[in-house]
Structure formats: C-alpha cells, structure tokens
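Read the structure below first, then the notes.
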Amino acid sequence: MATAIDEDRLHAFVGKMLGDLGGGMSVPTVRLGFRLGLFDALAEAPATAAELASRAGGLHERYVREWALAQAANGYIDHDPASDRFSLSPEQAMIFAEPDSPVYLAGAFELIAAMIEAEPKVEQCFRHGTGVRWGDHAGCLFCATGAFFRPGYVNNIVQNWIPALDGVEAKLRRGAKVADVGCGVGFSTLLMADAYPESAFVGFDFHAPSIDEARRHAAAHGYGDRVRFEVAAAKEIAEDGFDLITMYDCLHDMGDPRGCAAHMRRILTPGGHWMIVEPIAGDAPAENMNPVGRLYYNASTMICVPTSLDQEVGEALGAQAGEARLSEIIREGGFGTVRRATEGPFNMVLEVQ
Ligand SMILES: C[S@@+](CC[C@H](N)C(=O)[O-])C[C@H]1O[C@@H](n2cnc3c(N)ncnc32)[C@H](O)[C@@H]1O
C-alpha cells in the first residue's frame with residue numbers, strides 16, 4: 001500500500017533541496033570570484049558590473065554582470081537595483097575578502113572542488129574496499145586543505161589552543177623543541193614559530209610535495225635552522241626529545257593511529273605534551289547530525305576514510321571519531337592522561353601526557 005505524501009513535509013524538503021542545490025551550483029562561480037579577484041575588487045568599494053570588470057583588471061563585463069547577479073542571488077554580495085551597484089557587507093567581506101578572518105572560506109570552496117575531482121577514485125574504493133593515497137586524491141587537495149584550515153589556525157593556535165594546555169605556553173616562551181606531525185604545507189608550524197621565537201620547530205609529513213611547499217613558505221620568512229620540515233611518516237620519525245608534539249586535523253587520517261600514539265610516546269621527553277586538534281564531534285553519530293557534522297561526514301567519506309584505508313592497519317577513524325574513541329586509542333599508545341583542553345565550533349583540542 002502506497003504511503004500517503006505529506007504535502008507540507010514535501011514542500012519543506014524540496015525547499016531545503018533547492019537551497020542545497022544553489023549552494024552546490026555556486027561552487028564554480030565562487031571559485032572564479034576568488035581566482036579572478038572579483039571579491040577583493042568589490043571589497044574596495046561598491047561597483048557596477050562595468051566598474052567591477054575594470055577594477056578586477058579588465059575582465060569581460062557581460063560575464064562579470066552575470067557572475068555578480070549570481071552572487072547577489074546567492075546572498076553572497078548585495079545588489080542595489082536603484083544604482084545597479086554591487087557591494088560586500090562587512091560580514092560578507094569576512095567570508096570572501098579577508099584571508100585572516102576566522103571565517104574566510106576560499107579554502108573550503110577549493111576543498112569541495114578537490115573532492116569532486118577525486119570522485120572516480122573514491123568510487124573504486126567503495127567497490128573494492130581500497131584507499132586513496134593522500135597525494136593521489138586530486139590536483140591540489142593538499143593546497144586546498146592548507147587553505148581550508150589556515151583561518152582557524154591563524155585565529156586559535158596561539159590565542160586559544162596552546163594557552164589551554166597545562167604549562168606549555170611558558171615552556172615555549174622559554175625555549176622548547178616542538179614536532180608538528182602531519183603538518184601538511186606547514187601553516188600551523190610557522191604560526192607557532194612566529195609566536196615563540198625561542199623555540200625550535202620541526203614539521204613532519206609523509207607527503208613530499210606538502211613538505212616542499214612548507215619549506216618554500218619557511219624560506220620566504222627566513223627562520224634559519226630554527227624551523228625545519230622533513231618528509232616522514234608519523235611512526236617513522238627518527239628524531240626524539242620533543243617537549244611538545246602537535247597534530248592538527250590529521251590523527252584520524254592516519255592508518256595506524258594506535259601505532260602513531262605509541263611512537264609519539266617514544267619521541268616525547270618525559271613530562272612532554274602532545275596536543276591533538278581534531279574535528280569537533282560527539283561520540284554517537286546522532287550527536288553529529290548538524291551543519292558542522294554534515295560537512296565533516298561528507299569530507300570524511302571522500303578524503304579521510306580513503307586516506308586512512310590506503311595505509312597499514314587502515315583504522316579509518318573518520319573525521320568524527322569522537323573524544324571517547326580517540327582517547328581510547330591514545331591511551332592504548334601508552335599515555336596516562338587525555339583531556340579535552342578546549343574546543344571551538346569546528347575543533348576540539350585534546351591534551352595528552
Ligand atoms: C587533513 S591534512 C592536515 C594537514 C595539516 N596538519 C593542516 O592542518 O593543514 C592531513 C595530513 O596528514 C598527513 N598524513 C596522513 N597520514 C600520515 C602519516 N601516517 N604520517 C604522516 N603524515 C600523515 C597528510 O599527508 C596530510 O598532510
């Protein structure tokens with residue numbers, strides 16, 4: 001017997017899907033806006049399409065007009081019908097034109113594009129239970145990832161996360177040896193290096209092109225030998241004597257997080273700290289059925305689970321493993337204390353000793 005359709009629920013659901021489809025279709029036009037400097041140009045002052053086209057370096061006006069109307073329909077910029085001028089509000093500018101704002105989203109749109117590019121590879125993983133090597137996902141997943149996380153790091157690592165650890169900030173001010181494991185393109189490492197000039201930092205990642213990029217960033221800032229980047233899988237780091245180990249948004253990507261935990265214990269000094277930044281998540285899936293959980297489960301399906309399943313053990317924690325599961329794995333690595341030192345809307349910070 002056919003189940004009766006509830007018209008109100010259907011309309012509400014179609015309305016939600018319309019919004020979601022609009023978001024999906026905005027991805028390429030928003031990326032063009034970032035790449036062509038249209039958001040930056042609009043942040044300078046309101047503009048007609050012709051003014052905007054010229055301010056962005058001589059683009060074709062007809063395309064710029066259609067783009068601007070699309071962004072106005074998205075609600076990402078404003079349009080004044082009387083003057084036919086487009087503008088960015090201060091709040092819209094934080095998302096689209098201020099790279100150091102905590103909610104700058106250029107990297108998020110790049111990440112979506114990288115996820116779409118890798119779709120055929122992940123499809124094969126579904127069929128065969130295999131994984132995708134971090135460097136094989138998409139043209140520049142690693143650059144997109146760096147850009148995606150950077151605003152959160154710029155606004156939290158030094159201001160909130162390190163100060164939440166017991167005695168670590170003082171140690172770093174005096175001078176300590178720090179490993180940033182799974183450092184990617186190194187933004188987190190360099191932010192710490194800027195804030196704590198008496199300390200020495202080594203960024204490790206098993207993905208050589210990320211380490212090349214991190215070295216380029218470091219060279220441009222001239223830290224000398226106080227900051228190094230090395231290619232190494234977490235379990236194979238040969239150096240030891242670290243007072244602090246940091247892992248930003250990467251423990252759940254590793255194939256063998258238990259083995260990594262045991263190795264982190266070996267390379268920490270006695271009394272040293274391990275700070276683990278992971279996506280915020282509840283322990284039960286029902287707690288993650290919210291907008292942040294939605295982003296992370298989708299990214300985890302396309303990126304985190306395949307990355308872990310490509311490695312030995314293939315624990316495949318997923319981006320939303322939750323504190324209980326993470327703590328159990330960390331304790332199995334030989335650590336006595338795991339506590340949630342702080343959290344934000346997107347991350348939780350675990351302090352391990
Ligand atoms: C989501 S990215 C985060 C990168 C960086 N920490 C950031 O926040 O921008 C995960 C990183 O973990 C690295 N990774 C994954 N498994 C690893 C392993 N077993 N050993 C070392 N690095 C690993 C990847 O190469 C990648 O750079």
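The values are calculated or read from the model by the stated rules, or taken from the named source; none is laboratory data. The shown structure was predicted, so the numbers you read here are calculated from the model rather than taken from an experiment. Positions of Cβ are backbone-derived with ideal geometry, glycine not excepted, and every protein chain shown enters the neighbour counts. Heads up: the accessible areas ignore ligands, DNA and RNA and are worked out on the full protein's heavy atoms, side chains in. Shrake-Rupley method; radii C 1.70, N 1.55, O 1.52, S 1.80 Å.
Quick notes on this structure:
- Entirely in the stretch 170-277, the helices (runs of 4 or more DSSP H) that have 1 or more residues that are under 25 Å from residue 335 (Cα atoms), in the same structural domain as residue 335 (by TED's automatic domain parsing) and near the ligand (Cβ under 9 Å from one of its atoms): 187-195, 257-267
- Filter result for residue 132 (within 11 Å of the ligand (Cβ to nearest atom), aliphatic (A, V, I, L, M) and under 20 Å from residue 208 (Cα atoms)): no
- Sole exception among (1) in contact with a Ser or Thr (Cβ under 9 Å, 6 or more places away or on another chain); (2) among the aromatic types (Phe, Trp, Tyr); (3) more than 23 Å from residue 316 (Cα to Cα) for residue 96, by number: (1)
- Residue 308 being away from the ligand (no atom under 11 Å from the Cβ), among the polar types (S, T, N, Q) and either crowded, with 17+ Cβ neighbours inside 10 Å or not assigned by TED's automatic domain parsing to the domain that holds residue 182 (or both): no
- Only one of 212, 166, 225, 243 that is of a type in the set (Asp, Glu), open to solvent by 30 Å² or more (accessible area, probe 1.4 Å) and at pLDDT below 95: 225
- The helices (runs of 4 or more DSSP H) found wholly in the stretch 72-163 and carrying at least 1 residues that are closer than 30 Å to residue 275 by Cβ occupy 90-96, 106-117, 141-156.
- Considering each residue of the stretch 256-271 in turn, none proves to be in contact (Cβ under 8 Å) with a residue 60 or more places away in the chain and acidic (Asp, Glu).
- Residue under evaluation residue 91, criteria (1) within 15 Å of the ligand (Cβ to nearest atom); (2) out of contact with any Pro (no Cβ under 8 Å at 6 or more places or on another chain); (3) modelled with pLDDT of 95 or more, criterion not met: (1)
- Residue tally, condition charged (D, E, K, R) and surrounded by 18 or more Cβ atoms within 10 Å (Cβ to Cβ), over the stretch 181-209: 1
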